[in-house]
Amino acid sequence: MNQKNVRVRFAPSPTGPLHIGGVRTALYNYLFARKNNGTFILRIEDTDQTRFVAGAEKYILDAFRWCGISFDEGVEKGGKYGPYRQSERKEIYKDYARKLVENGRAYYAFDTAEELTSLRRRYEADKNTFVYNAFERKRLNNSLVLDEEETQRRLNSGVPYVIRFKMPEDELIRMEDIIRGDVVVNSRVLDDKILFKSDGMPTYHLANVVDDHLMEITHVIRGEEWLPSMPLHVLLYEAFGWKAPEFAHLPLLLKPDGKGKLSKRDGDKMGFPVFPLEWTDPKTGEKSRGYKEDGYFPEAFVNMLALLGWNPGDDRELFSLDELTKEFSLDRVGKSGARFDPEKAKWFNHQYMLKKSNHELATLFLPVLNEKGIMADIDFVEQVVGLVKDRAYFVRDLWLQSDFFFVAPDTFDPKAVKKRWKAESYDQIMELKELLAGLTDFSSENIESVVKQWINEKGYGMGMVMNAFRLVIVGALKGPHLFDIVALIGQEETLRRLEIGLHELGRKE
Ligand code: GLU
């Protein structure tokens, strides 16, 4: 790694909610900056006014706040390279576009939308595709064809024009990508991209390159979908006489079956979110789910994303953001697409459930209980959570795993009753009730040893008594260690449930 000050940026266009692939791109930039004591910048690329979506920028900022990914410079934060919103830098770009016209690397084009459309149609009719490129431009309406006087006349007359890059006719463009290695493209296959539009705004390519230069970006780390833009960008740097940053194009996030790019549709179909936060489309009102609202911990979400494309070189999988910062390197980012696995995402959340203290989980679980009308003591909830957290993926699952700690069963699982409530059960549970009523030490260990001793002495079937006991206490054959349950709900409640159970289930003939 060279010694210059690392400066990287995440440069989203606020055209909707941020896909998790975008969050991963930002995460890798963040980690790269932290690892190299560099600077991480958030720049909003909003020059395409037709694609602007209200609320998208706020969404992006909220999403990163939730993930714990912070910026050193950028919108909201400020910094000496600002403004960081391209729409506020409008004035900057035109002069740069003109400079390229002056040094012969770009030209004015006056072709109207109608002219281009009719050309496209004509080509299509012949089963060809029209491309505005080094060959076609020689017979089109532009300053390469028109003489200087005519060009000037048109510019002065106020007719709409664009500025296009003059792609070299036939040149090998050699580039290097940190992840992909050497990339070579012949300029013949590239078109004369518009740099500056007739509405007075730059296109993505011009604004992106100019800003990366002015903001002294050292490394452009972005998604693979931008790889086709790299030759143009490299040529733009060269045309301006600027040193290009280093490039690293990250592998795509793939669908769970590995076939193609992960899309919102895959999420809808298979029931997982592809956005960090919930999003409501301001136009259609359509809602898309988010990891946050689905109950993911931000640490789990970030950990899961970090491993989609990067690996630590061994089989470790659990990393905090701090640990990632120490371990991350672009050398360990793969070339091939990373398959998204929704089950693995849940697994990560489960791992973070297990890592959390019972106190923290109880604090998160209390509001869920309150919603169900249950007011419980935090100490009690902590103990409950400690017993069931290894069975839950999300905080909301804790309820299903622990409802019987808070409310006595009002029904008994009929299948379990049929199988486990035997002819002897009534008398055995009656006896058990007497036994438990006489205990002064109602700790889990003591109950367990007394009950087991009693079962053995009487020669009862261990499984038979314990299943019937569980059925009466829980209402079903689920839950953690039964003696832990009864110790926690306490002697009085245990006896009460045994009483109700005996009454409800009765003597089986
Ligand atoms: N505005 C582009 C985007 O939306 C930025 C691509 C880049 O990082 O160069 O992803």
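Bear in mind that the values in this text are calculations on the coordinates, not laboratory data. What you see is a predicted model, and the numbers here were worked out from it, not measured in a lab. Cβ sites come from the backbone with ideal geometry, for glycine too, and all protein chains shown count toward neighbours.
Report the label-to-label distance for residue 147 and residue 37 in nanometres (one decimal), using points 7 Å from each Cα along the Cα→Cβ vector.
According to this spin-label approximation, the distance is 6.2 nm.
Given the options 417, 475, 195, identify the residue whose Cα lies farthest towards the positive end of the charge dipole of the chain (+1 on Cβ of Lys, Arg; -1 on Cβ of Asp, Glu).
Checked the options; the winner is 195.
Over region 372-422, one equal point on each Cα, no solvent: what is log10 I(q)/I(0) by the Debye formula at q = 0.12, 0.27 Å⁻¹?
-0.35, -1.05
What is the extension gain from residue 270 to residue 374, computed as 0.36 nm multiplied by their sequence separation minus the C-alpha to C-alpha distance, in nm to one decimal? Before the final figure, lay out the partial values.
Numbers: separation 104, 0.36 × 104 = 37.44 nm, distance 3.31 nm.
34.1 nm is the gain from fully extending residue 270 to residue 374.
What FRET efficiency comes out for residue 495 versus residue 347 if R0 is 56 angstrom and r is the Cβ-Cβ distance? Round to the nearest 0.05.
On the way: r = 40 Å, r/R0 = 0.72.
Approximately 0.90, to the nearest 0.05.
For region 75-138, what is the convex hull volume of the alpha-carbon atoms per residue, in Å³?
Details: hull volume 9.7 nm³, N = 64.
In region 75-138, the Cα convex hull volume per residue is 152 Å³.
Calculate the length of the line joining the C-alpha centroid of region 390-451 to that of region 94-158, in whole Å.
The two parts, judged by their Cα centres, are 81 Å apart.
Scaled to the compact-protein estimate 2.2 N^0.38 Å, what is the alpha-carbon radius of gyration of region 164-289, rounded to two decimal places?
On the way: Rg = 18.2 Å, N = 126, 2.2 N^0.38 = 13.8 Å.
Taking N as the residue count of region 164-289, the ratio is 1.31.
How much length would be gained if the chain were fully extended between residue 415 and residue 453, taking 0.36 nm per residue of separation minus their Cα-Cα distance, in nm to one decimal? Each step should come with its number before you reach the end.
On the way: separation 38, 0.36 × 38 = 13.68 nm, distance 2.89 nm.
Separation in residues times 0.36 nm, less the Cα-Cα distance, equals 10.8 nm.
Across the Cα atoms of region 100-228, what radius of gyration and what greatest pairwise Cα-Cα distance (Dmax) are found, in Å?
Cα-based Rg and Dmax for region 100-228 come out at 16.6, 48 Å.
For 167, 230, what's the fewest-to-most ordering of other Cβ within 10 Å of each Cβ?
230, 167
Tell me which of 378, 244, 321 sits at the most positive position along the dipole axis of region 244-388, charges placed on C-beta atoms (Lys, Arg +1; Asp, Glu -1).
Most positive-ward Cα: 244.
Which shape class applies to region 1-131: rounded if a/c is under 1.5, otherwise prolate when a/b exceeds b/c and oblate if not, where a ≥ b ≥ c are the square roots of the Cα gyration tensor eigenvalues? Don't jump to the answer; show the numbers that get you there.
Working: a/c = 2.20, a/b = 1.73, b/c = 1.27.
Prolate, since a/c reaches 1.5 and a/b exceeds b/c.
I'm checking a number: the convex hull volume of the Cα atoms of region 253-358, normalised per residue, in Å³. What is it? Numbers along the way, then the final one.
Details: hull volume 13.9 nm³, N = 106.
So the per-residue Cα hull volume is 132 Å³.
Hey, which of these cross-link pairs are over 26 Å Cα-Cα: 283/335; 346/478; 166/259; 127/193; 166/335? Intermediate values should be presented prior to the final figure.
Values: 283/335 37 Å; 346/478 22 Å; 166/259 37 Å; 127/193 23 Å; 166/335 31 Å.
Flagged as over cut-off: 283/335; 166/259; 166/335.
Cα convex hull of region 380-465: mean projected area in nm², to one decimal? Walk me through the intermediate numbers first.
On the way: hull surface 29.1 nm².
For region 380-465, the mean projected area of the Cα convex hull comes to 7.3 nm².
Helix-only estimate, please: 222 nm mean residue ellipticity of the chain, summing -39500 (n - 2.57) across DSSP H runs of length 4 or more and dividing by its residues, to the nearest 500.
Working: 20 runs with 229 residues, N = 509.
After summing the helix terms and dividing by the residues of the chain, the value is -14000 deg cm²/dmol.
Starting from the Kirkwood radius over alpha-carbon pairs of region 329-392, derive D by Stokes-Einstein at 20 °C in a medium of 1.002 mPa s and give it in µm² s⁻¹. Mind dumping the intermediate values first?
Numbers: Rh = 14.1 Å.
In µm²/s, the coefficient rounds to 152.
So what is the relative contact order for region 333-481, in percent, with contacts set as C-alpha pairs under 8 Å and at least six apart? It would help to have the intermediate numbers written out before the result.
Working: 111 pairs, mean separation 35.1, N = 149.
Relative CO of region 333-481 lands at 24 percent.
Give the cross-link partners of residue 355 among the aspartates and glutamates, using a straight C-alpha distance below 17 Å as the criterion and excluding same-chain residues fewer than 8 apart.
Those aspartates and glutamates meeting the cut-off are 299, 317, 322, 323, 382, 390, 397.
Treating only the Cβ of Lys, Arg, Asp and Glu as charged (+1, +1, -1, -1), what charge dipole size does region 353-509 show about its Cα centre? Round to the nearest 20 debye.
Numbers: 20 positive and 24 negative charges, 153 e Å.
For region 353-509, the charge dipole is close to 740 debye.
Any idea what log10 I(q)/I(0) is at q = 0.05 Å⁻¹ for the chain, Debye with uniform C-alpha scatterers and no solvent?
For the chain, the Cα-only Debye profile gives -0.34.
Would you mind ranking 452, 166 so that the residue whose beta carbon has the fewest other beta carbons within 10 Å leads the list? Mind dumping the intermediate values first?
Numbers: 452 14, 166 20.
Taking fewest neighbouring Cβ atoms as first place, the list is 452, 166.
Using alpha carbons only, how many degrees (0 to 90, rounded to 10) separate the axis of helix 378-388 from the longest principal axis of the chain?
Orientation of helix 378-388: about 80 degrees from the principal axis.
Over the alpha-carbon set of region 317-446, work out the extent along each principal axis and list the three values in angstrom, largest first.
Principal-axis extents of region 317-446 (Cα, largest first): 69, 33, 32 Å.
Let me check I have the definition right: for region 442-509, take the eigenvalues of the Cα gyration tensor, multiply each by 5, take square roots. What are those semi-axes in whole Å, largest first?
Values: eigenvalues 62, 54, 25 Å².
They are 18, 16, 11 Å, listed from largest to smallest.
Could you line up 507, 24, 391, 43 from fewest to most neighbouring Cβ atoms inside 10 Å?
Details: 507 12, 24 23, 391 16, 43 26.
Arranged by neighbour count, lowest to highest, 507, 24, 391, 43 become 507, 391, 24, 43.
Would you mind checking 94/138; 356/389; 389/415 for any pair whose Cα atoms are more than 20 angstrom apart?
Where the Cα-Cα span goes over 20 Å, the pairs concerned are 94/138; 389/415.
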